[in-house]
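Novice: Once you've had a glance at the structure underneath, I'll fire off some questions.
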Amino acid sequence: MTSTPLPLALKTLVELLAQTEPVTDNTDVAWNGPYYLAGRRRWASTYFSLYQKTLYASMQLGADRYAFKWPLGAATVEFDRDYRQGEFSNNEALWTKVLGQINPRLRGALREPAAYNRRVARHLPLECRKGEVRRALTWPKEAKPPVPQKTLVKLERALANASSHRRLRSMTAEHYFLAAQVAYDAAFPDLRGSGREKYRMKADGRDGGLLALPARDSAAFRTWFHSRAWAGKHPWEILFGHPHGVMLSPKEHADSRGGWSFLLSVHSGAWYSTAVKMALALAAQGVSFDFLDHAAVLAALRGEDLIEVGPTSQMLCLEELRALRPDALRQVTWEPIPLIVPITEEQRARVALALED
């Protein structure tokens, strides 16, 4: 928290934003602001929102994000230190410079909105825009799919019956590690040891007490499982990944069949192919399980889904796509460029209410 002259520029910013149309499909009152030009072909998008009489601001420059919050009328600005930052420090000097560009552009957009929006559309580099393209178009032309089509068809057939396999009457730590071993053996055939030992080598490491449970005590497992003592840990992440890898979670059923089964899920694209091997092995061994969101996994492995193209670190950058598949550039569906236009009467009342709350 620091006391700066920046609030004077922010007061002007809010006055100008209040004259422009906010994002209408957002619960909060929010605006896509003008772009900040950090250099040639380096356009940074800005975004502002009002919540409980506080202005939240962010700027995205390539993969780097800068943000702050400002209680309306306060003498201080709180700069966010959690976002990944690059060449600039997220401080008063940066945002004073940013607002030095943004405020005049907002004034110009309010005077001549059509001319302003045409100028942005004409000059905004594709590298600074966001879009989507079919995943297969990002693969090198000579590359084979990560998993053969016949294997994916086999998996679909196996999954159609896997959830109806006989459930376990009770669950123990031993039962869990035996199921995990089936998955490990399919994915890592050269890995030696028991399921418990392989779990120690490959799992997230935060077992939440699972490894300490008696191997064959179903009552102890059930008590521990329902106590949620493991909440916040990752006992079911049998393969580590970001944000999560492969999860194998036990599930107790309260329906007429009762018993226990498993939930398999994968949250990192790097482990999709591995999860397919695990699912096929579990199904072949008659393990009762559901493969969560498997349709999305299969679509990704077939290259049928859409991936984002854009400047942030979670997206495929345009430069990489251009190098891999220049022919795919024409297939990108780009998001519309946000327009800055004068506010409508309907939205004026909404903005005024947000400023008064």
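The values are calculated or read from the model by the stated rules, or taken from the named source; none is laboratory data. Keep in mind that this is a model prediction, so the values were computed, not measured. Glycine also receives a Cβ, built like all others from the backbone with ideal geometry; neighbour counts cover every protein chain displayed.
Novice: For the structure I just gave you, tell me whether S261 is touching a Lys or Arg at 6+ places or on another chain (Cβ under 6 Å) and of a type in the set (S, T, Y). Please lay out each step first, then the result.
Specialist: On the way: touching a Lys or Arg at 6+ places or on another chain (Cβ under 6 Å): yes; of a type in the set (S, T, Y): yes.
Considered against the rule, which asks whether it is touching a Lys or Arg at 6+ places or on another chain (Cβ under 6 Å) and of a type in the set (S, T, Y), S261 comes out as yes.
Novice: Moving on. Identify all residues within the stretch 107-125 that are surrounded by 15 or more Cβ atoms within 10 Å (Cβ to Cβ), under 31 Å from the mean Cα position of the chain (by Cα) and hydrophobic (A, V, I, L, M, F, W, C); write none if there are none.
Specialist: V120, L124
Novice: I've got another one for you. Could you list, ordered by first residue, the pairs with Cβ atoms under 8 Å in which the first is in the stretch 19-48 and in contact (Cβ under 8 Å) with a residue 12 or more places away in the chain and the second is polar (S, T, N, Q) and in a loop (DSSP other than H, G, I, E, B), at least 6 apart or interchain?
Specialist: Qualifying pairs under 8 Å: E21/T344.
Novice: Something else about it: Considering only residues that are surrounded by fewer than 17 Cβ atoms within 10 Å (Cβ to Cβ) and either assigned to a loop (DSSP other than H, G, I, E, B) or among the hydroxyl-bearing types (S, T, Y) (or both), look in the stretch 286-298 and name the one that is nearest to the chain's Cα centre (by Cα).
Specialist: Out of the qualifying residues, it is D293.
Novice: For residues in the stretch 299-351 being polar (S, T, N, Q) and surrounded by fewer than 12 Cβ atoms within 10 Å (Cβ to Cβ), which is nearest to the chain's Cα centre (by Cα)? Even if it seems obvious, please write down each step before you answer.
Specialist: As a first pass, look at the stretch 299-351 and keep what is polar (S, T, N, Q): 312-314, 331, 333, 344, 347.
Narrowing the set further to residues that are surrounded by fewer than 12 Cβ atoms within 10 Å (Cβ to Cβ) leaves 313-314, 333.
Values: S313: 11, Q314: 8, T333: 20 Å.
Among residues in the stretch 299-351 that are polar (S, T, N, Q) and surrounded by fewer than 12 Cβ atoms within 10 Å (Cβ to Cβ), the one nearest to the chain's Cα centre (by Cα) is Q314.
Novice: Now a separate question. Any chance you could count how many residues in the stretch 15-37 are buried (at least 19 other Cβ atoms within 10 Å of the Cβ), of a type in the set (A, V, I, L, M, F, W, C) and more than 24 Å from the chain's Cα centre (by Cα)?
Specialist: So the count comes out to 2.
Novice: Can P146 be described as touching a helix residue (DSSP H, G or I) at 6+ places or on another chain (Cβ under 8 Å) and loosely packed, with under 11 Cβ neighbours inside 10 Å? Can you show your working first?
Specialist: Numbers: touching a helix residue (DSSP H, G or I) at 6+ places or on another chain (Cβ under 8 Å): yes; loosely packed, with under 11 Cβ neighbours inside 10 Å: no.
For P146, the condition - touching a helix residue (DSSP H, G or I) at 6+ places or on another chain (Cβ under 8 Å) and loosely packed, with under 11 Cβ neighbours inside 10 Å - is not met.
Novice: Moving on to the next point. Out of the stretch 249-262, which residues are under 25 Å from A231 (Cα atoms) and either surrounded by 15 or more Cβ atoms within 10 Å (Cβ to Cβ) or of a type outside the set (A, V, I, L, M) (or both)? Don't jump to the end; show me each part of the working.
Specialist: Filtering the stretch 249-262 for residues under 25 Å from A231 (Cα atoms) gives 249-255, 258-262.
Correct list: S249, P250, K251, E252, H253, D255, G258, G259, W260, S261, F262.
Novice: If I ask for residues that are hydrophobic (A, V, I, L, M, F, W, C) and touching a His at 6+ places or on another chain (Cβ under 9 Å), which ones from the stretch 253-270 would you list?
Specialist: First pass over the stretch 253-270, keeping only residues hydrophobic (A, V, I, L, M, F, W, C): 254, 260, 262-264, 266, 270.
Matches in the stretch 253-270: W260, L264, V266, A270.
Novice: Taking the condition within 20 Å of A275 (Cα to Cα), assigned by TED's automatic domain parsing to the domain that holds S261 and either under 31 Å from the mean Cα position of the chain (by Cα) or not aliphatic (A, V, I, L, M) (or both), does D217 pass?
Specialist: no
Novice: Can you pull out the residues in the stretch 311-357 that are among the aliphatic types (A, V, I, L, M), over 14 Å from L126 (Cβ atoms) and modelled with pLDDT under 95?
Specialist: Correct list: A323, L324, A349, V351, A352, L353, A354, L355.
Novice: Give me the pairs, please: first residue somewhere in the stretch 97-123 and in the same structural domain as Y35 (by TED's automatic domain parsing), second residue anywhere and β-branched (V, I, T) and in a helix (DSSP H, G or I), beta-carbon distance under 6 Å, and either six or more positions apart or on two chains.
Specialist: N103/T12
Novice: I'm checking my understanding of the structure. Among residues of the stretch 176-197 that are of a type outside the set (A, V, I, L, M, F, W, C) and more than 21 Å from D217 (Cα to Cα), which one is surrounded by the fewest Cβ atoms within 10 Å (Cβ to Cβ)? Lay out the reasoning, then the answer.
Specialist: Going residue by residue through the stretch 176-197, those that are of a type outside the set (A, V, I, L, M, F, W, C) are 176, 181, 184-185, 189-190, 192-197.
With the extra rule that they be more than 21 Å from D217 (Cα to Cα), the set shrinks to 184-185, 189-190, 192-193.
Details: Y184: 26, D185: 16, P189: 8, D190: 4, R192: 8, G193: 12.
Applying the filter and picking the extreme gives D190.
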